[in-house]
Amino acid sequence: MSDKTATLEEIVGELRSGMTVGFGGWGSRRKPMAVVRAILRTGLTDLTVVAYGGPDIGLLCAAGRVRRAVYGFVTLDSIALDPHFRAARQAGAVEATEMDEGMFFLGLQAAAQRVPFLPSRAGLGSDVLRVNPELRTVTSPYPGPDGVAEELVAVPALRLDAAFVHVNRADTHGNGQILGPDPFFDDLFLGAAERRYVTAEALVAPGELLDSGPIQTIAVNRLQTDAVAAAPGGAHFTSCPPDYDRDEAFQKAYAAAAGDAEAWIAFEQRFLSGDEADYRAAVAVSAEEAR
Amino acid sequence: MTETVDTMVTRAEVCAVACAEAWRGDGEIMASPFGSIPSIGARLARLTFAPDLVLTDGEAALMVNTPAISARRPELVLEAWMPYRKVFEVVWSGRRHVMMQATQVDRFGNQNISCIGDWAHPRTQLIGVRGAPGNTVNHTTSYWVPNHGTRSFVEAVDMVCGVGYDRAAAAGPAASRFHEIRRVVTNLAVLDFETPDHAMRLRSVHPGVTVEEVVEATGFELVLPAEVRVSRLPTAEELEIIREVLDPRGLRDKEVPA
């Protein structure tokens, strides 16, 4: 059986500018941030970024790599708004596709099921239809409870060129284990994508994932995965329970660097100018200083 | 209730009770409050007149106990798994009553949390539509506005996220079938849509607030009943629950200062 182990560099090396890429997690929770940082070390640009948005969208916007953001929200959870995304939107620097978060779920599901759309009540009557003029409605072929067929939104499949999720543990075949309380929509991001990538806090041999949790925690299986990379601290500064909580102090520093070119350059030079090991070292120094 | 207790009640506590009242009669549904005072309200309702309400821990579970809004594990006792995917299933089943916030709300209950200004070139980018479009056409929705003013109560919202009565009706039976905007609770008053055309009506003013103040703080014509009631005060039991059990750290006063 094939070993799907790869490095972060090899994984992002398969991407091309202009691709549509999806990121698992939710808000500032279990985001594949090591991949985001690896993207920042490449020349990739003009990306369409699809996510239950958090600092993945924010950081890529801050670095000018995003052509279009596809989202229902962008938040840092403990900080309501990601100021980098906010600045990019207000400057007109990114295009946007904004939809209800349930529509977003259905769009991923449609792509994963290889159907062109799924019907949705969500969106009806709202300006989501106004700002996304490509959205169509569909009339049910069946009569409703009052005899009248319902007209629903036909949420188009959200197809991705590549998807990234970060999990607590994975094995070398590409099975992934989520030990935190919420698997979010990670499996659907993988299902919706052409190329599927998993990063994990730690890699183990096939069959050993059961040593760290019951079978239901292995929410990603190797049918859904093309490559897997070890990325300890790979969700930092977002939360990755039970391995670590959100780094609130670091998130504050990230947010504070928004909207001010000098502050952003300083943040970038301090934390994002080297590789992932350099990042971890810089974070450790910064945590030590704060103590 | 004695005169002394009445005068000691804060505006935030009146608001918490008004929020709680929004869930009265809802039975066994998920109450999803956004904000400190709505959270106190939902928990207060469960501890008093709405014992069957289902509440989440804010992460991925339902909690069986009803601790302070600032409580975290291990003070929370969990009763079931509720990751986000299951939350959508609850939304689509209709067994939910959410109280969202509204940066803008209009006279038919359309709500905006997405952006201020033209959506294509926003003057201020906010959080995004989130689940508001789906919530409002699937189950009961109420709103909490801690700063009632003409910037939040507007003639027309800049981006319709939560769907109001006029837009739901125009979108057809699929949109209006499960649609209900029950209440808008603010720091000044309680409003509802119990009018023939579902235009927003002043339901009650909080103690110490005049009808004129509310009218002035509202950027569209409010329906005024012949006699405007005063929002009820907390009972002695409710006051004790709010102060001693649900919000001993006084987070409510940060949302609505005394």
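Just a few scattered comments:
- Residues of segment B:97-134 with amide N under 12 Å of the 7 Å Cα→Cβ point at A:ALA93: none
- Of B:THR141, B:THR56, B:THR186, the one that fluctuates the most in a GNM where chain B has Cα springs shorter than 10 Å: B:THR56
- Coarse-grained scattering of chain B at q = 0.10, 0.12, 0.17 Å⁻¹, given as base-10 log I(q)/I(0) from a Debye sum over alpha-carbon atoms: -0.48, -0.70, -1.39
- For GluC sites (Glu not before Pro), the sites in segment A:182-257 that DSSP calls loop and that have at most 14 other Cβ atoms within 10 Å are A:GLU208.
- Selection among B:MET99, B:ILE29, A:LEU40 by position relative to the dipole of the protein assembly as shown gives A:LEU40 as farthest towards the positive end (Cβ unit charges, Cα centre).
- Under the criterion of Cα pairs below 8 Å and six or more residues apart, the relative contact order for segment B:172-258 equals 20 percent.
- Sequence-separation-based contact order of chain A, relative, with Cα cut under 8 Å and 6+ spacing, percent: 20 percent
- About its Cα centre, the dipole of segment A:136-291 is roughly 240 debye, where the only charges are +1 on Lys and Arg Cβ and -1 on Asp and Glu Cβ.
- When DSSP beta bridges are restricted to pairs lying wholly in the protein assembly as shown, around 35% turn out antiparallel.
- Selected from A:VAL198, A:PRO133, A:GLY53, residue furthest toward positive end of dipole (chain A; charges at beta carbon): A:PRO133
- Placing a label point 7 Å from the Cα of A:ILE265 along the Cα-to-Cβ direction, the residues of segment A:52-81 whose backbone N falls under 20 Å of that point are A:59-65.
- Listed by Cβ neighbour count within 10 Å, with the fewest neighbours leading, B:TRP144, A:TRP264 appear as A:TRP264, B:TRP144.
- Antiparallel bridge percentage (DSSP; both residues within segment B:3-255; nearest 5): 45 percent
- Under a model in which nothing but the beta-carbon of Lys, Arg (+1) and Asp, Glu (-1) is charged, segment B:3-255 shows a dipole of about 740 debye around its Cα centre.
- Taking the DSSP bridge list for chain A and keeping only pairs wholly inside it, about 30 percent are antiparallel.
- Value at 222 nm in deg cm²/dmol, rounded to 500, when DSSP H runs of n ≥ 4 in chain B each add -39,500 (n - 2.57): -7500 deg cm²/dmol
- In terms of surrounding Cβ atoms within a 10 Å radius of their Cβ, A:ASP260, B:ASP247 rank from fewest to most as A:ASP260, B:ASP247.
- Among the GluC sites (Glu not before Pro) in segment B:73-157, those placed in a DSSP loop whose Cβ has at most 13 other Cβ atoms within 10 Å are B:GLU75, B:GLU155.
- Distance distribution note for segment B:7-65: the fraction of Cα pairs above 16 angstrom is 38%.
- Residue with peak Gaussian network fluctuation, chain B [Cα springs, cutoff 10 Å], from B:ASN135, B:ASN147, B:ASN187: B:ASN147
- For chain B, built as a Gaussian network whose Cα springs stay under 10 Å, the top-fluctuating residue of B:PRO67, B:PRO225, B:PRO33: B:PRO225
- Helix-derived mean residue ellipticity, 222 nm - over chain A, DSSP H n ≥ 4, -39500 (n - 2.57), to 500: -8500 deg cm²/dmol
- Ranked list, fewest to most other Cβ atoms within 10 Å of each Cβ, for A:ILE178, A:ILE39, A:ILE265: A:ILE265, A:ILE39, A:ILE178
- Remark on the protein assembly as shown: Rg and Dmax equal 24.0, 79 Å (Cα only).
- For segment B:133-177, the Cα gyration tensor yields ellipsoid semi-axes of 22, 13, 7 Å (square root of five times each eigenvalue, largest first, whole Å).
- Net charge contributed by nearby residues that have their C-beta within less than 12 Å of B:THR218 (K/R +1, D/E -1): -3
- Listed by number, the DSSP H helices of chain B that run 15 Å or longer by alpha-carbon position along their axis and have mean Kyte hydropathy of at least 0.0 are B:11-22, B:36-47.
- Amide H contacts of A:ALA229 (H built 1.01 Å from N, under 5 Å, at least 5 apart or other chain): A:ALA6, A:VAL198, A:THR199, A:ALA200
- Taking label positions 7 Å along the Cα-Cβ direction at both A:SER78 and B:PHE178, the computed distance is 3.5 nm, reported to one decimal.
- Low-density loop cleavage sites - trypsin sites (Lys or Arg not before Pro) in segment A:78-124, where at most 16 other Cβ are within 10 Å (DSSP): A:ARG114
- Rounded to the nearest whole angstrom, the semi-axes of the ellipsoid equivalent to chain A, taken from the Cα gyration tensor as √(5λ), stand at 32, 25, 16, largest first.
- For segment B:1-135: relative contact order, % (alpha-carbon pairs under 8 angstrom, 6 or more apart): 18 percent
Where a number appears in this text, it was derived from the coordinates with a stated rule and is not lab data. As the structure is a prediction and not an experimental result, all values here were calculated from the model. Cβ sites come from the backbone with ideal geometry, for glycine too, and all protein chains shown count toward neighbours.
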